[in-house]
């Protein structure tokens with residue numbers, strides 16, 4: 001039974017973590033689609049000219065369902081065709097859902113979509129024979145390029161890296177030129193979250209075990225993309241073309257004016273009923289559509305370096321400042337790559353402060369500032385603040401015997417005993433070694449008829465992993481005055 005009807009304040013992480021940046025739920029302008037539209041539209045591309053993945057139909061239905069619950073509608077391009085080969089007699093497509101003709105007519109026509117989702121649209125161009133029909137012909141490809149350059153979103157799922165092998169630009173769009181190379185038999189493997197503050201990973205466990213078909217890629221895209229998840233090859237048998245200790249499996253990037261997000265898992269039909277996986281993909285869709293922000297927005301150090309390199313440094317002062325910013329960015333990158341995000345954040349703060357000293361003639365200072373802010377957000381999400389206490393605290397005014405009391409309860413949800421001090425405007429109370437699942441409860445007499453709103457301070461101390469951890473939270477309560 002709840003003691004109070006008041007709001008519970010949950011304390012699960014150390015105070016230095018910037019929690020509002022991790023949720024990634026801030027509404028922003030949505031890609032080429034009208035930013036002020038409450039609902040938006042996406043395009044699902046399942047057209048197949050080569051081997052057809054069974055999950056295409058499941059993915060399409062899952063995205064339609066997600067759209068109904070999250071404010072977007074779905075058009076589908078997945079026509080049947082007779083592209084016969086070793087994989088079968090052709091593609092059945094999704095005739096009950098598909099559009100009558102290609103939507104890739106022009107960038108203007110594609111701009112009705114906030115993002116495009118390529119769902120394993122294999123086209124059998126692996127041989128690199130330029131005569132092999134591609135998923136998109138030259139006209140359709142030009143429409144896609146214009147759409148991306150105009151700010152459009154792109155989501156690649158699973159075998160989106162196994163199509164249009166004869167178009168290098170498409171490989172850069174999906175991410176760093178990484179193309180499908182091979183996969184071992186389907187098996188259970190462990191993924192590790194590398195960017196925990198991004199909207200598409202904020203809800204995931206740091207170590208995520210799944211059964212799927214795990215791709216090896218022709219190249220490691222890390223130099224060009226923001227890696228979201230990596231595969232731990234020690235947890236499964238990667239087979240031929242194993243990528244080693246650094247095996248990205250999901251990534252994103254800001255690409256030539258648009259946004260691109262890729263997830264290499266999702267081959268199994270069961271993926272498309274898995275709530276964790278569906279939320280992961282949903283946030284990828286929403287991020288590329290410009291509906292959510294956060295976690296660094298898939299920024300990379302080279303991306304910010306390019307902004308600095310594009311500054312007009314003809315003025316001596318601007319040249320000196322730009323050089324200093326570039327140097328600090330280099331130092332921050334070195335710290336980040338060494339696994340020291342706290343130092344990276346400090347150094348980036350120095351670079352950010354210099355941006356305000358550039359002259360207006362230097363270029364887009366707001367863009368550079370926002371990109372450095374994104375780097376800070378990304379690296380802040382990686383800072384390990386050490387052990388943290390898990391507590392729930394409530395405070396509420398109650399009437400007992402005709403008198404006003406301030407009732408405070410602190411629940412220890414941690415695994416260790418916690419010393420708790422409760423400080424109020426009407427007195428304080430110390431509780432020693434409150435055991436896990438137990439409460440520290442005290443009612444403080446106010447001696448007032450009408451009580452103003454206020455705050456209670458809860459200080460908690462415990463020994464976690466041999467380290468003494470102290471945390472302090474403020475819990476507000478409503479008054480009667």
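The values are calculated or read from the model by the stated rules, or taken from the named source; none is laboratory data. Not measured: the values here are computed from a predicted model. All Cβ positions, glycine included, derive from the backbone under ideal geometry; neighbour counts span all protein chains shown.
Looking across region 449-473, the residues that are out of contact with any strand residue (DSSP E or B) (no Cβ under 6 Å at 6 or more places or on another chain) and assigned to a loop (DSSP other than H, G, I, E, B) come down to 449, 450, 452, 453, 465, 466. Exactly one residue out of 296, 258 is under 13 Å from the mean Cα position of the chain (by Cα), under 30 Å from residue 41 (Cα atoms) and crowded, with 21+ Cβ neighbours inside 10 Å, and it is 296. A single entry from 419, 415 fulfils the requirement of being in contact (Cβ under 8 Å) with a residue 12 or more places away in the chain, touching a strand residue (DSSP E or B) at 6+ places or on another chain (Cβ under 9 Å) and either assigned to a loop (DSSP other than H, G, I, E, B) or exposed (fewer than 15 other Cβ atoms within 10 Å of the Cβ) (or both): 415. Restricting 238, 248 to those that are in contact with a helix residue (DSSP H, G or I) (Cβ under 7 Å, 6 or more places away or on another chain), surrounded by 20 or more Cβ atoms within 10 Å (Cβ to Cβ) and either closer than 30 Å to residue 142 by Cα or at pLDDT 95 or above (or both) reduces the list to 248. Checked against the criterion of being modelled with pLDDT of 95 or more and in a helix (DSSP H, G or I), the candidates 329, 358 yield just one match: 329. Take the conditions (1) out of contact with any helix residue (DSSP H, G or I) (no Cβ under 8 Å at 6 or more places or on another chain); (2) in a strand (DSSP E or B); (3) under 26 Å from residue 372 (Cα atoms); residue 287 misses just one of them, which is (2). Number of residues in region 173-191 that are under 20 Å from residue 224 (Cβ atoms) and touching a strand residue (DSSP E or B) at 6+ places or on another chain (Cβ under 7 Å): the value is 7. Candidates in region 205-235 are the residues that are modelled with pLDDT of 95 or more, surrounded by fewer than 22 Cβ atoms within 10 Å (Cβ to Cβ) and assigned to a loop (DSSP other than H, G, I, E, B); of these, the one that is farthest from the chain's Cα centre (by Cα) is 218.
If I ask for residues that are closer than 15 Å to residue 381 by Cα, out of contact with any helix residue (DSSP H, G or I) (no Cβ under 6 Å at 6 or more places or on another chain) and surrounded by 13 or more Cβ atoms within 10 Å (Cβ to Cβ), which ones from region 332-348 would you list? Scanning region 332-348 gives 340, 342, 346. Out of curiosity, is residue 293 over 21 Å from residue 207 (Cα atoms) and assigned to a loop (DSSP other than H, G, I, E, B)? Yes. Out of the residues in region 261-272 meeting the condition of being surrounded by fewer than 24 Cβ atoms within 10 Å (Cβ to Cβ) and touching a residue at least 60 places away in the same chain (Cβ under 8 Å), tell me which one is nearest to residue 200 (Cα to Cα). Per the stated criteria, the residue is 263.
Yes/no per residue for (1) outside any helix (DSSP H, G or I); (2) within 28 Å of the chain's Cα centre (by Cα):
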| residue | (1), (2) |
| --- | --- |
| 302 | no, yes |
| 305 | no, yes |
| 311 | yes, no |
| 317 | no, no |
| 333 | no, yes |
| 336 | no, yes |
| 347 | no, yes |
| 351 | no, yes |
